[in-house]
Amino acid sequence: MPSYSEKVMDHFRNPRNVGEMESPDGIGHVGNPVCGDIMELYIKVKDNVITDVKFKTFGCGAAIATSSMITELVKGKTIEEALKVSNRAVVEALDGLPPVKLHCSVLAEDALKSAIDDYLKKSTGKGLPGFKPHDDHPPA
Amino acid sequence: MKRIYLDYAATTPTHPDVAAAMQPYYSDIFGNPSSIHSFGREARAAVEDGREKVAKLIGAAPQEVVFTSGGTEADNFAVKGVAFANQSKGNHMIISAIEHHAVSAPCDFLKKLGFEVTVLPVDGSGLVDPADVKKAITPKTILISVMHANNEIGTIEPIEEIGRISKEAGVYFHTDAVQTFGAVPIDVNKMNVDLLSASAHKLYGPKGVGCLYIRKGTKMVPFMHGGGQEKNRRGSTENVPGIVGFGKAAELAIDEMSVRAQHLVPLRDKLINGLKMIDDAVLNGHPEKRLPNNVNFCFKYVEGESMLLNLDMEGIAASTGSACSSATLEPSHVLLAIGRPHEIAHGSVRFTLGRLTTEEDIDHVLDVFPGIVEKLRKMSPLYKRR
């Protein structure tokens, strides 16, 4: 088991914004059971602002902590601002992740983008331009 | 917070009697066993005493025991040692799908050199079918390697039967007995074993020492070429304190084996029966043909590492077959081999008990663990969709 930062353990112990949402405006669903991480992220959007965000995650400590952190980072932000939150920003906010766990942060970014993609499809009929979730496996 | 150690299959605390037996061999009796002077002779006597004790535990002759740095080296030695020495007979080896990587990885290495390896499947409880072993043997087969008991799921294999088949076919038979050595009775002759691996730190001995039993007459190349120690089979100055400790641990195991099992089995069964009460809990491994100290479950819809972290927060040390942290993200090959789908294999937890485990420890696990699973399931997107 890798050793995690205090920040990671804090978000693992007390995940923020965990749960489901009634009638979300966008749902992101990424990952697969084969690699052992699945994230679902729900957003509520009002006047282009993410007013609420919730997540559910099946996965390791890092998967849960990155999910929790990204919800904190995007809550209250506009769609454009939220899209600028990268996996790197999530890792930094968590005071780092062990190298073998970096793919969890990529998954968290994808979960957010997937939710925004879903929201845009529902509200404008067009998804997030160029959005394509990463492969579930870490880059070679 | 009281810490509870339930990872005895990973390693055990050195028995105080073992540590005491080793102590003089660091600074007082420090000679090199190969030296002919009195200092060397004292060390030599200690090494040979250790060898006798280890041999006795498995019904072997002392000269058939070669000390190694541990179980991994013993497995490597067995596989590569037989492969390289018997190429005139053939290049085919048979192993099971649930072997420790210390056996399967050397086989992968040998495949690159032109050897052929048949990997036998196991059934849902992890058992190898001896009939499959028989069918897999060809005129080119030089080694069969099936572990005595699996380190993850605790299933004890039908070694005696596989040994008989190997003997009839005239093929060397190796068993990785790292988990059973000192825990269940072993008789290398009754079991028709030609090679057997063990590691001292799994039986309350020190780390850094193990052994390979090599039946007299077995054709092997040396593992280490060097000073001719261990009858030319493993060059390197003997780890005298380690060997003394291993010998003491073996001696204690002979004396206490049945007492230890009588202590462990009821605690193991209490833990199994308690964890079974959790919804969607699946026991891994054979219900009866099982190590006295092994409990392994998959809990559907949750991931192993997050369970371990929660247990660790409660002071409880366990292990998992989830490989969320491995580069491949592949879960345990053992759990996949017994037919667990990936997402369920990721949700495994192994508790392995030992001589210091108490009933209060087990009660505490049973108190806190259901809540951990429930908490994680509430977070799991897989759970709501069942």
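The values are calculated or read from the model by the stated rules, or taken from the named source; none is laboratory data. The structure displayed is predicted, hence computed values, not measured ones. As a convention, Cβ positions derive from the backbone with ideal geometry for all residues, glycine included, and neighbour counts pool all protein chains shown.
Couple of notes before you dig in:
- Qualifying residue in the stretch B:177-186 (condition: of a type in the set (V, I, T), surrounded by fewer than 24 Cβ atoms within 10 Å (Cβ to Cβ) and closer than 16 Å to B:A74 by Cα): no
- Qualifying position, being at positive phi and free of Cβ contacts under 8 Å to residues at least 24 places away in the same chain, among B:N192, B:N232: B:N232
- Filter result (of a type in the set (A, V, I, L, M) and more than 14 Å from chain B (Cβ to nearest Cβ)) within the stretch A:62-84: A:M69, A:I70, A:L73, A:V74, A:I79, A:A82, A:L83
- Taken across the stretch B:162-182, residues that are modelled with pLDDT of 95 or more and over 23 Å from B:I95 (Cα atoms) do occur, with at least one present.
- From the options A:L128, A:L102, residue that is surrounded by 14 or more Cβ atoms within 10 Å (Cβ to Cβ), within 14 Å of chain B (Cβ to nearest Cβ) and modelled with pLDDT under 95: A:L102
- Residue within the stretch B:2-20 that is among the basic types (K, R), out of contact with any strand residue (DSSP E or B) (no Cβ under 9 Å at 6 or more places or on another chain) and part of a loop (DSSP other than H, G, I, E, B) present: yes
- B:E330 vs. criteria within 11 Å of another protein chain (Cβ to nearest Cβ), buried (at least 22 other Cβ atoms within 10 Å of the Cβ) and of a type in the set (D, E, K, R): no
- Across the stretch B:54-63, the number of residues qualifying as crowded, with 22+ Cβ neighbours inside 10 Å and within 18 Å of B:H201 (Cα to Cα) comes to 3.
- Only one of the listed residues (B:A45, B:A61, B:A105) is in contact (Cβ under 8 Å) with a residue 12 or more places away in the chain and not aromatic (F, W, Y). That residue is B:A61.
- Among the numbered conditions (1) modelled with pLDDT of 95 or more; (2) within 14 Å of another protein chain (Cβ to nearest Cβ); (3) more than 22 Å from A:G26 (Cβ to Cβ), the only one that A:D135 does not meet is (1).
- Looking at B:K289, B:K375, just one residue is at pLDDT 95 or above and either at the interface with chain A (Cβ under 8 Å from one of its Cβ atoms) or touching a Ser or Thr at 6+ places or on another chain (Cβ under 8 Å) (or both), and that residue is B:K289.
- Among residues of the stretch B:336-350, those that are within 12 Å of another protein chain (Cβ to nearest Cβ) and crowded, with 24+ Cβ neighbours inside 10 Å, counted: 4
- Just one of the numbered conditions (1) within 27 Å of the chain's Cα centre (by Cα); (2) surrounded by 22 or more Cβ atoms within 10 Å (Cβ to Cβ); (3) facing chain A (nearest Cβ under 8 Å); (4) touching a residue at least 24 places away in the same chain (Cβ under 8 Å) is not true of B:S380: (1).
- Check on B:I316, more than 13 Å from chain A (Cβ to nearest Cβ) and surrounded by 21 or more Cβ atoms within 10 Å (Cβ to Cβ): yes
- In this structure, B:I142 does not qualify as among the β-branched types (V, I, T), modelled with pLDDT of 95 or more and assigned to a helix (DSSP H, G or I).
- Qualifying residue in the stretch B:209-217 (condition: modelled with pLDDT of 95 or more, touching a Gly at 6+ places or on another chain (Cβ under 8 Å) and within 30 Å of B:K378 (Cα to Cα)): no
- Qualifying position, being without any contact (Cβ under 8 Å) to a residue 12 or more places away in the chain and more than 17 Å from B:L376 (Cα to Cα), among A:E6, A:E22: A:E22
- Residue ID - nearest to the chain's Cα centre (by Cα), chosen from residues in the stretch B:61-98 that are outside any loop (DSSP other than H, G, I, E, B) and of a type in the set (S, T, N, Q): B:T72
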